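Working notes, structure below.
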Amino acid sequence: QVQLVESGGGLVQPGGSLRLSCATSTSISSINLMAWYRQAPGKQREMVATINRGGITDYADSMKGRFTISRDNAKNTVYLQINVLKPEDTAVFYCRAVLPTGDFWGQGTQVTVSS
């Protein structure tokens, strides 16, 4: 079992920035893929960004430019930097880890963009 704990969400004004964190209970080197998803009110969960074991990143087309996924192997933590936040970014952001042993999700962190 792998635990994922997201943090860093909150209320932010339009145009602001946030850095979300996802701390894992296991070594990142054992994880095939880590990803950030988001789910806006009344909408389906959608992929934001992924980073694989080799460090290669990928983004949903609509997320390119303002979102940056990164990781700190020493801290077993993956980050999502979000810049120029917009009201439509309001969502619960989830972290996901894909391992040979299974697929794990965190509980999510709320991001609210409002003036």
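With every protein chain kept in the model, how would you rank 19, 45, 38 by accessible area, 1.4 Å probe, largest at the top? Let's see the in-between values first.
On the way: 19 135, 45 95, 38 30 Å².
If we order 19, 45, 38 from most to least accessible, we get 19, 45, 38.
For segment 106-111, just list the computed ³J(HN,Hα) in residue order, Karplus coefficients 6.51, -1.76 and 1.60, θ = phi - 60°, integers in Hz, with x standing in for Gly and Pro.
Residue by residue, segment 106-111 yields x, 7, x, 9, 7, 10 Hz.
Take 77, 26 and sort them by solvent-accessible surface of the protein heavy atoms, 1.4 Å probe, largest at the top.
On the way: 77 15, 26 40 Å².
Largest accessible area first, the list is 26, 77.
How would 4, 33 line up by accessible area, probe 1.4 Å, largest first?
On the way: 4 15, 33 50 Å².
Largest accessible area first, the residues go 33, 4.
Taking every eigenvalue of the Cα gyration tensor of the chain, multiplying by 5 and rooting it, what semi-axes result, largest first, whole Å?
On the way: eigenvalues 109, 37, 33 Å².
Gyration-tensor ellipsoid for the chain: 23, 14, 13 Å.
At 1.4 Å probe radius, can you tell me the per residue accessible area of the chain in Å²? Walk me through the numbers on the way to the answer.
Numbers: 5950 Å² over 115 residues.
Each residue of the chain exposes 52 Å² on average to a 1.4 Å probe.
Ignoring any ligand, DNA or RNA, what whole percent of the accessible area of the chain comes from carbon and sulfur when the probe is 1.4 angstrom?
On the way: 2800 of 5950 Å².
Answer for the chain: carbon and sulfur cover 47 percent of the accessible area.
Can you give the Kirkwood hydrodynamic radius of segment 23-62 from its Cα pairs, in Å with one decimal?
Working: mean 1/r = 0.0877 Å⁻¹.
In segment 23-62 this quantity evaluates to 11.4 Å.
Using the alpha-carbon centroid of each, what span in Å lies between segment 52-115 and segment 1-18?
Rounded to whole Å, the Cα centres lie 9 Å apart.
The values are calculated or read from the model by the stated rules, or taken from the named source; none is laboratory data. This one's a predicted model, so the numbers in the text were calculated from it and none came from an experiment. These accessible areas exclude ligands, DNA and RNA; they are computed on the full protein's heavy atoms, side chains included. Shrake-Rupley method; radii C 1.70, N 1.55, O 1.52, S 1.80 Å.
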